[in-house]
Amino acid sequence: MDKDPWLDKWIPTLKQKSTSGPILELGCGWGWDTLELQNTGCKVIAADLSTENLSTTKSTVPHADVIQLNHSQTLPFANHSIDVIIASLSLHYFTWTVTLQTASELKRCLKTDGVLLARFNSTDDVNYGAGSGVEIEPNYYQIDTRTKRFFDKETVQNFLQGWDIRFLEENIIHRFEKPKSVWEILAQT
């Protein structure tokens with residue numbers, strides 16, 4: 001696994017936008033992005049459903065605030081209370097109805113001109129399951145014991161309907177064992 005420098009180009013924007021509060025990182029996993037954000041001076045609330053992931057994040061980034069939550073449900077934040085939300089490869093586990101509800105919930109939590117920085121599995125991501133398994137909905141599959149959604153450009157744009165999309169690009173990343181195809185977005189409320 002190589003270092004995944006995806007946040008490097010966004011750090012100035014993230015720091016500028018998060019001056020009044022912490023960045024909310026949804027699906028923090030093992031804390032790789034949490035650590036990078038904290039190392040650049042950003043305050044972060046690292047959120048994940050998995051207590052194991054949160055424990056790993058806390059040991060990797062001892063000063064991080066961690067919270068367990070299911071981001072497919074109502075988030076425990078007031079309306080328009082967060083400046084920046086980051087969701088790297090964490091918004092793809094749900095039916096399309098729940099995925100759209102999640103988009104709406106993220107928008108509810110973000111302040112006016114708040115920023116969502118996210119990455120989504122691409123429909124070209126054949127190394128990590130695109131087009132395989134049992135298709136439940138278009139581009140949403142049961143792969144072994146998990147469900148996983150894959151996005152094309154139109155689906156990403158539908159997820160972000162009503163947002164001001166500032167950046168939308170398909171990329172290949174090398175965070176994992178094999179190359180992974182993702183959509184990367186930056187959008188504002």
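The values are calculated or read from the model by the stated rules, or taken from the named source; none is laboratory data. Just so it is clear, the model here is predicted, and its values are computed rather than measured. Counting neighbours? That spans all protein chains shown, and the Cβs are built from the backbone with ideal geometry, glycine included. Accessible surface areas use protein heavy atoms only, side chains included; no ligands, DNA or RNA. Shrake-Rupley method; radii C 1.70, N 1.55, O 1.52, S 1.80 Å.
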Exposed-loop cut sites defined as trypsin sites (Lys or Arg not before Pro) in DSSP loop states with at most 14 other Cβ within 10 angstrom; longest site-free run of the chain spans 44-189
For the stretch 132-189, the per residue accessible area (1.4 Å probe, Å²) is 55
Between (i) 14.4; (ii) 12.1; (iii) 9.9, the structure-derived mean projected area of the Cα convex hull in nm² is (iii)
Honestly the stretch 40-134 on the Cα gyration tensor test (a ≥ b ≥ c root eigenvalues; a/c under 1.5 rounded, otherwise a/b vs b/c for prolate or oblate) is just oblate
Excluding residues fewer than 8 positions from Lys17 in its own chain, the lysines with Cα under 18 Å of it are Lys9, Lys43, Lys107, Lys111
Within the chain, the percent of DSSP beta bridges that are antiparallel, given to the nearest 5, stands at 55
Rounded to the nearest 10, the angle in degrees between the Cα long axis of helix 96-109 and the longest principal axis of the Cα atoms of the chain comes to 10
Diffing the stretch 23-29: the Karplus 3J(HN,Hα) column from phi (6.51, -1.76, 1.60, θ = phi - 60°), in whole Hz with x for Gly and Pro, holds 7, 8, 9, 8, x, 5, x
One finds, for Asn39 and Phe176 with R0 = 25 angstrom and r their Cβ-Cβ distance, a FRET efficiency to the nearest 0.05 of 0.70
Carbon plus sulfur, as percent of the 1.4 Å-probe accessible area of the stretch 108-150, comes to 48
For the stretch 83-189, listing chymotrypsin sites (Phe, Trp or Tyr not before Pro) in a DSSP loop whose Cβ sees at most 10 other Cβ atoms within 10 Å gives none
